[in-house]
Amino acid sequence: MTRGGRDKNRDEPDRRCIVTGETGSKSGLIRFVVGPDDTIYPDVANKLPGRGIYVTASREVLEKAIAKRMFSKGAKKQVRIPDGLPDLVESLLLKRLQDLLAMARKAGKAITGYEKVKVMLIREEARVLLQASDGSERGKGKLSTPGNGKWIGFLTADELGLAFGRDRVIHAAVSAGTLAKRIVEEAARLQGIRQVNGSTPAAEKDTGNA
């Protein structure tokens, strides 16, 4: 295992979405397992025991899996779907992303505040720029996405604040490293689950790898 809690072996097999039939790495999918009570449970951390059932990280795809009873097909038996499953997945992914940001902050890899973020960007140390969706567009427009990094702008100031132990956060940045990569991956999954009919609250700018 690495310090970040991931297996060192990166040659893990691709997984297949039960709805689209497309295969891909687990970073773009949501894993579900069947509990002892034959209920479907989301496993966003990929740690729960049992055979995994995978769905593309998209609210539209997840809702289709529920409506067409694809989970029973994937489990090869009748299973129960808890009410509000998409919202539950969204809340779990949000908590996971906030926990990763908190880890980055404690490790000295993430900072908040306009001036501090601006300095990190000028020094080309930042790989992820996060800005609150409900922050001032004029203020946010004064900071540019890292040259080889990502911009994430669909979290609210309150949601970012919880990650950094503050009431509200408008601007934040994460420096290069494993945590930055994991934050980008989890943000992409959360953004997909927040999509409704292909739309999303705010776009994510991509200018390279984290």
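Taking 0.36 nm per residue of sequence separation and removing the Cα-Cα distance, the A107/E125 pair yields an extension gain of 5.0 nm. For the chain, the relative contact order comes to 22 percent (Cα pairs under 8 Å, sequence separation of at least 6). Ranking S144, S133 from most to least accessible surface, computed with a 1.4 Å probe over the protein chains only, gives S144, S133.
Once the Cβ-Cβ distance of R168 and Y41 is raised to the sixth power relative to R0 = 41 Å, the FRET efficiency obtained is 0.80. What is the local net charge at P86, summed over the other residues whose Cβ is closer than 12 Å to its Cβ (Lys, Arg +1; Asp, Glu -1)? In short, -2. Rolling a 1.4 Å probe over the protein chains gives M103 an accessible area of about 90 Å².
The long axis of helix 85-106 is offset from the longest Cα principal axis of the chain by roughly 40 degrees. Against the longest alpha carbon principal axis of the chain, how many degrees, from 0 to 90 and to the nearest 10, is the axis of helix 178-194 turned? For 178-194 against the chain, the angle is about 60 degrees.
Where only DSSP H runs of four or more residues are counted, the chain gives -10500 deg cm²/dmol as its mean residue ellipticity at 222 nm, each run worth -39500 (n - 2.57).
Excluding the site residues themselves, the longest part of the chain lacking any GluC sites (Glu not before Pro) in a DSSP loop with at most 15 other Cβ atoms within 10 Å is 23-123.
The values are calculated or read from the model by the stated rules, or taken from the named source; none is laboratory data. Note that this is a predicted model, so its numbers are computed, not measured. Here the Cβ is made from the backbone with ideal geometry for all residues, glycine too, and neighbour counts use every protein chain on show. Each accessible area value is taken on the protein alone, full model and side chains, heavy atoms only, with ligands, DNA and RNA left out. Shrake-Rupley method; radii C 1.70, N 1.55, O 1.52, S 1.80 Å.
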